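Everything on this sheet refers to the single structure shown next.
Please treat every number below as a calculation from the coordinates, not as lab data. Small disclaimer: the values here were computed from a predicted structure and weren't measured. Reconstructed Cβ throughout: ideal geometry from the backbone, glycine too, with neighbour counts over all protein chains shown.
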Amino acid sequence: MRLPNRVALVTGASSGIGAAVAQALAADGATVVVNYPGGSPDAANVVVKTITDAGGRAIALAADVSKEDQVQAMFAETIRQFGTLHILVANAGIQQDSPFADMTLAQWQRVIDVNLTGQFLCAREAVREFLRRGPQPAMGRATGVIVHMSSVHEVIPWGGHVNYATSKGGIMQLMKSLAQELAPQKIRVNSIGPGAIKTPINTSAWSTPEAEQKLLTLIPYNRVGEPADIGGLAAWLCSDEADYITGQTIFMDGGMTLYPGFATGG
Ligand code: NAP
């Protein structure tokens, strides 16, 4: 176990990548807060049950990450129940796709609010708690660890998804600037940039053999990723094994960022 007794909060953990990250952190010993955006707690409770059935510790907490008051209430409740926080995985994200000329301000704003402002709000609350608590060497070499869930689209442009790609490009500078500012306080900040991972956000891209075959033309390693791939990376990145890594995006994409269209000479 690489994260014994750490307290971790994973946003958007009721589905897909967030659920797998929550399970991986718990399997490494962390107590995990499984955030979901409100509404029915059923999906979040399933994730909590999976963790507790395996002998881990987890609770579900609702908060829309784009709402400052809800984010602050979620962090306050986490600290009330568990005393502090050691790890934040800011994972919650959405897509609202549209050709650019038809994109409404509401579509633009909602994606920026959840994917970028939500990561700012959660990172700020985590940093406030890390600084308040200070170093706790028995809980790892870093005073606190933040992992932002970015995307290959922080570097690969994505027509028809301008709001989403812009939010992920913003996460890159949010993460790097935070990492630069907070390294002296021993707070590590990194991003994971997933390629295509099988989750509900992109079902249409892999749910039929034809769609999956088309998707695979973009993936040199020739398989679509699974949420557990990202879970394993997140747990390692949060652990002391990765203590000297800060300010980096680790792409986990089967080679999607290798410009596979140039594989035969362009
Ligand atoms: P997903 O299965 O749709 O999961 C998204 C999660 O975020 C769900 O738990 C969702 O809850 C939650 N969420 C949505 N809006 C929220 C809000 N305002 N506040 C709190 N939680 C909210 O998608 P996913 O693929 O796992 O995506 C997770 C992250 O990975 C996203 O940041 C996404 O951009 C990134 N990513 C995914 C891929 C991929 O191929 N799947 C690739 C690159 C990056 P509900 O289900 O209740 O709405």
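Summary of computed values
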| read-out | value |
| --- | --- |
| Selection from 230, 17, 71 lying farthest towards where the dipole of region 7-255 points positive, charges on Cβ | 71 |
| For the chain, built as a Gaussian network whose Cα springs stay under 10 Å, the top-fluctuating residue of 157, 99, 37 | 99 |
| Residue order, fewest to most surrounding Cβ atoms within 10 angstrom, among 237, 3 | 237, 3 |
| Binned Cα-Cα distances of region 97-175, short to long, each 10 Å bin given as a whole percent | 18, 38, 24, 13, 6, 0 |
| Compactness of region 99-144 - radius of gyration and Dmax, Cα, Å | 17.3, 54 |
| Whole-angstrom Cα spans of the chain along principal axes, big to small | 52, 39, 37 |
| Label zone at residue 68, where the point sits 7 Å out along the Cα-to-Cβ direction: region 128-168 residues whose backbone N lies under 20 Å | 128-132 |
| Charge dipole (debye, nearest 20) of the chain; +1 at Cβ of Lys and Arg, -1 at Cβ of Asp and Glu | 620 |
| Hypothetical label at residue 104: residues of region 145-187 whose amide nitrogen lies under 18 Å (7 Å Cα-Cβ projection) | 161-164 |
| Exposure proxy order (Cβ contacts within 10 Å, fewest to most) of 86, 153 | 153, 86 |
| Residue 95 paired with residue 258, simple spin-label distance in nm, labels 7 Å along Cα-to-beta-carbon | 2.3 |
| Over the chain: helical MRE at 222 nm, DSSP H runs n ≥ 4 each giving -39500 (n - 2.57), nearest 500 | -12500 deg cm²/dmol |
| Rounded tilt (10° steps) of 42-53 against the dominant C-alpha axis of the chain | 60 |
| Selection from 41, 137, 126, by position along the positive dipole direction of the chain (Cβ) | 137 |
| 13 Å cut-off, amide nitrogen to a point 7 angstrom out along residue 45 Cα→Cβ, residues in region 58-91 | 60-61 |
| Likely footprinting exposure, 164, 221, 244, 36, fewest C-beta neighbours within 10 Å first | 244, 221, 164, 36 |
